[in-house]
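S.K.: Here's a structure for you.
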Amino acid sequence: KPSSAASDVYKRQAWLHPLVAGSLTVIISVGLLYAISLDINKRYNFVWEISDFARYSVGSFLLAYYIFLIFGRATFMSSTALYDMCWTCNIVMLTASLGFFWKNPVIMAASFSTIWVDQMLWYIDVIGFVLFRKWPVGVAKYLTWKETPLLKKLTSSHHLWFEPLCMSQLHNLGYPTIFFGMAVVYSFILGFCSRFFTPKEIIFPPDTAVSYTHLT
């Protein structure tokens, strides 16, 4: 068993890396996505017909949910929740909310388009479980594990409502092909951040529990 002093040092180190990794992922991904979107918006001259009330309401909801997800999961995941905030299916809620606040449809559309495959698999899983009590794919299977905390189940609900919520706000824009192209770029950015900023796994002493942290 480590000494008290060693434990204190470990705790500081355990929080430092995920905090730095998470912050860098957010700064780099948001910064690059914003910079590229400015050029795309200029070239295509998108005019997003959405009311201020709608975009601020949806943007605030997504941002509040994202913050709740991070702090809520930190109650049982400790510092690894800061890695969780950078999972693609989670961080897109942050960037989508910024897309609403900045009235930038490219950022918003790129955010929900990046995870549409994952979300479709969730729909298949949930429908399969409701109808046949089986998980056809298995991406949502952890919802029925006994060891899965209720708070994690609650903060996984966005896999079902995030996609249709964002798509419903496109209004007059439809879905230009460039939105999908931006999703590919955003996926590359997040993959880069995952590869260079997060370890493959973390083992927390004195336990032997392993937490896998690769985000994509």
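The values are calculated or read from the model by the stated rules, or taken from the named source; none is laboratory data. Predicted, not measured: the structure shown is a model, and the values here were computed from it. To get the accessible areas, we keep the full protein, side chains included, count just its heavy atoms, and leave off ligands, DNA and RNA. Shrake-Rupley method; radii C 1.70, N 1.55, O 1.52, S 1.80 Å.
S.K.: Please give the contour-minus-distance gain from SER23 to PHE192: 0.36 nm per residue of separation, less the Cα-Cα distance, rounded to one decimal in nm. Could you put the intermediate results ahead of the total?
M.R.: Numbers: separation 169, 0.36 × 169 = 60.84 nm, distance 1.43 nm.
That pair, SER23 and PHE192, stretches by 59.4 nm at full extension.
S.K.: Only Cα pairs within less than 10 Å get springs; with that Gaussian network setup on the chain, which residue of PRO18, PRO199, PRO136 has the largest fluctuation?
M.R.: PRO136
S.K.: Same structure again: Could you work out how much longer the chain between TYR44 and ILE127 gets when fully extended? Use 0.36 nm per residue separation minus the Cα distance between them, nm to one decimal.
M.R.: Working: separation 83, 0.36 × 83 = 29.88 nm, distance 3.82 nm.
Gain on stretching TYR44 to ILE127: 26.1 nm.
S.K.: When the chain is modelled as a GNM with alpha-carbon springs shorter than 10 Å, which of PHE53, PHE162, PHE180 fluctuates the most?
M.R.: Of PHE53, PHE162, PHE180, the most mobile in the Gaussian network model is PHE53.
S.K.: Taking the chain as the reference, fit the longest principal axis to its C-alpha atoms, fit the long axis of helix 88-101 to the helix C-alpha atoms, and give the angle between the two in degrees, 0 to 90, nearest 10.
M.R.: For 88-101 against the chain, the angle is about 40 degrees.
S.K.: Leaving out ligands, DNA and RNA, what percent of the accessible area of the chain is carbon and sulfur, probe 1.4 Å? The partial results should precede the final answer.
M.R.: Numbers: 7930 of 11680 Å².
Its accessible area is 68 percent carbon and sulfur atoms.
S.K.: Right, here's the next one. Please check: in the Gaussian network model of the chain (C-alpha springs, under 10 Å), which one of HIS159, HIS171, HIS17 has the largest mean-square fluctuation.
M.R.: In the Gaussian network model the winner is HIS171.
S.K.: Ranked from the most accessible area to the least, with a 1.4 Å probe and all protein chains present, what is the order of LEU150, LEU143?
M.R.: Values: LEU150 120, LEU143 40 Å².
Putting LEU150, LEU143 in descending order of accessible area: LEU150, LEU143.
S.K.: Please work out how much length the chain gains when fully extended from LYS141 to LYS153, using 0.36 nm per residue of separation minus the C-alpha to C-alpha distance, in nm with one decimal.
M.R.: Details: separation 12, 0.36 × 12 = 4.32 nm, distance 1.08 nm.
Once the chain is fully extended between LYS141 and LYS153, it gains 3.2 nm.
S.K.: Rounded to the nearest 500 deg cm²/dmol, what is the calculated helix-only ellipticity per residue at 222 nm for the chain, with -39500 (n - 2.57) per DSSP H run of length n ≥ 4? Please report the intermediate quantities before stating the final value.
M.R.: Details: 9 runs with 148 residues, N = 216.
Helix-only estimate at 222 nm: -23000 deg cm²/dmol.
S.K.: Could you sort ARG55, ARG43 by their accessible area in this structure, using a 1.4 Å probe and putting the largest first? All intermediate terms of the calculation are to be shown ahead of the outcome.
M.R.: On the way: ARG55 25, ARG43 180 Å².
Final ranking, largest accessible area leading: ARG43, ARG55.
S.K.: Follow-up question, since we're still on this one. Eight or more residues apart or on different chains, and alpha-carbon atoms under 26 Å: count the Lys pairs in the chain matching that.
M.R.: Eligible lysine pairs with Cα atoms under 26 Å apart amount to 14.
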